[in-house]
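The values are calculated or read from the model by the stated rules, or taken from the named source; none is laboratory data. In this text, all values refer to a predicted model and were calculated from it rather than measured experimentally. Every residue, glycine among them, receives a Cβ derived from its backbone with ideal geometry; neighbour counts consider all protein chains shown.
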Amino acid sequence: MWNIPKDGELSSIPKLYETEDIPLKEKVIHLHLFIGGCDWYIAEFDGEDLFWGFAILNNDLQSAEWGYISLNQLKEIKIDPYGFEIDRDLHWTPCRAFEVEKIREAQGWNTEGVIASDT
């Protein structure tokens, strides 16, 4: 993985379940990881390996979902022979989930952050 998040950055992410009372659209996305058409938007971290956030694989917005993501597994992904690895968006500014266009589109939220359906 290129640009692995530093311990200080990871420690600023809420622990798992700390934000479970916050509606999905209001959850703060602290990290954005990506490779090709795949994006992982991170909202919580267990402090060791497990993230919780939103994953979009192969730009498939219909199958995108909230769930658990292993940092160690992401670190191991390498696309040979090109040497591509998952990268961290160094220009990412934490924001609410409904402010992320891809999450908003996949969830069916309108541009004001109102949920079109409670999924």
The lone condition ASP21 fails out of (1) surrounded by 12 or more Cβ atoms within 10 Å (Cβ to Cβ); (2) not in a strand (DSSP E or B) is (1)
Just need a number here: residues in the range 27-45 that are surrounded by fewer than 20 Cβ atoms within 10 Å (Cβ to Cβ) and either of a type in the set (Val, Ile, Thr) or within 14 Å of the chain's Cα centre (by Cα) (or both). 5
If ILE77 satisfies every condition in (1) free of Cβ contacts under 8 Å to residues at least 40 places away in the same chain; (2) exposed (fewer than 14 other Cβ atoms within 10 Å of the Cβ); (3) under 21 Å from ILE13 (Cβ atoms) but one, which is the exception? (1)
Qualifying position, being at pLDDT below 95 and of a type outside the set (Ser, Thr, Tyr), among GLU48, GLU76, GLU65: GLU76
In the range 61-110, which residue that is of a type in the set (Gly, Ala, Ser) and either part of a loop (DSSP other than H, G, I, E, B) or in contact with a His (Cβ under 8 Å, 6 or more places away or on another chain) (or both) is farthest from ILE35 (Cα to Cα)? GLY108
Output the residues belonging to the range 2-45 that are in contact with a strand residue (DSSP E or B) (Cβ under 9 Å, 6 or more places away or on another chain), at pLDDT below 95 and small (Gly, Ala, Ser). GLY36, GLY37
Step by step: first the residues of the range 51-69, then only those that are within 14 Å of ARG104 (Cβ to Cβ) and among the aromatic types (Phe, Trp, Tyr), then the one that is surrounded by the most Cβ atoms within 10 Å (Cβ to Cβ). Which residue is that? PHE54
